[in-house]
Amino acid sequence: MKINRFPKMAALQRFRAEKLGFDGNVAKAVGMAEATKYAIFKNLSYRKRVESEKEHVKKIYLGKKNLDEETFRIFKLQALDGLPFVGNKVYTAEDYDRYFSRYDEKVRAAIEKWAENLIKNCDNVVLENETKFFNLCWKPHRDELSEV
């Protein structure tokens, strides 16, 4: 079975969040939110992405007064009631489990084992910095495990 980048990013971000001390259910939510965030901005140029992010944040703040920027500061995610908020949606562990339910257990286990092993070998200084994480953990390995 071919594996695209989305489930690998979701699993990688989940284990990143766990290593940084987030609860398992919150870490799953962060995994889905981060993968979604990357997917949203994947095809936009840098300038358009920065403008789009600013505009998106303005719209969100106009509608939601309880968003906080500190809970998931490391991930550059906003939070609503302690869970990550991206694209006008709050993500939960159930979103992660529902997404991965499309894969059989062997494939899910392979993706999660791959992600967990990568995160074990990443220094916390790298994990705490979005740019370093992207360039040192994600980019060199994103095309691994393209098939299970």
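The values are calculated or read from the model by the stated rules, or taken from the named source; none is laboratory data. In this text the structure is predicted, and so the values were computed from the model without any measurement. We place every Cβ from the backbone using ideal geometry, glycine too, and count neighbours over all the protein chains shown. These accessible areas exclude ligands, DNA and RNA; they are computed on the full protein's heavy atoms, side chains included. Shrake-Rupley method; radii C 1.70, N 1.55, O 1.52, S 1.80 Å.
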By how many nm would the segment from residue 106 to residue 81 lengthen if fully extended, with 0.36 nm per residue of separation less the alpha-carbon distance? 5.6 nm
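Any chance you could run the full-extension gain for residue 146 through residue 97? It's 0.36 nm times the residue separation minus the Cα-Cα distance, nm to one decimal.
Between residue 146 and residue 97, full extension yields 15.6 nm more.
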Could you state how much accessible area residue 122 has, in square angstrom rounded to the nearest 10, with a 1.4 Å probe and all protein chains kept in place? 20
Proximal charge balance of residue 20 [Cβ under 15 Å; K/R count +1, D/E count -1]: 0
Set 37/106; 2/76; 19/113; 106/132; 8/76 screened for pairs whose C-alpha atoms are more than 24 Å apart: 37/106; 2/76; 106/132
In what sequence, largest accessible area first, do 123, 95, 68 appear using a 1.4 Å probe? 123, 68, 95
Accessible area (Å², 1.4 Å probe, nearest 10) - residue 90: 50
When every protein chain stays in place and a 1.4 Å probe is rolled, 89, 120 sorted by accessible area with the largest first are 120, 89
In the full protein assembly as shown, how much of residue 94 is accessible to a 1.4 Å probe, in Å² to the nearest 10? 110
Just to make sure I understand: if all protein chains stay in place, what is the order of 101, 146 by accessible area at 1.4 Å, largest first? 101, 146
Stretched out fully, how many nm does the piece from residue 130 to residue 68 gain, at 0.36 nm a residue minus the Cα gap? 20.5 nm
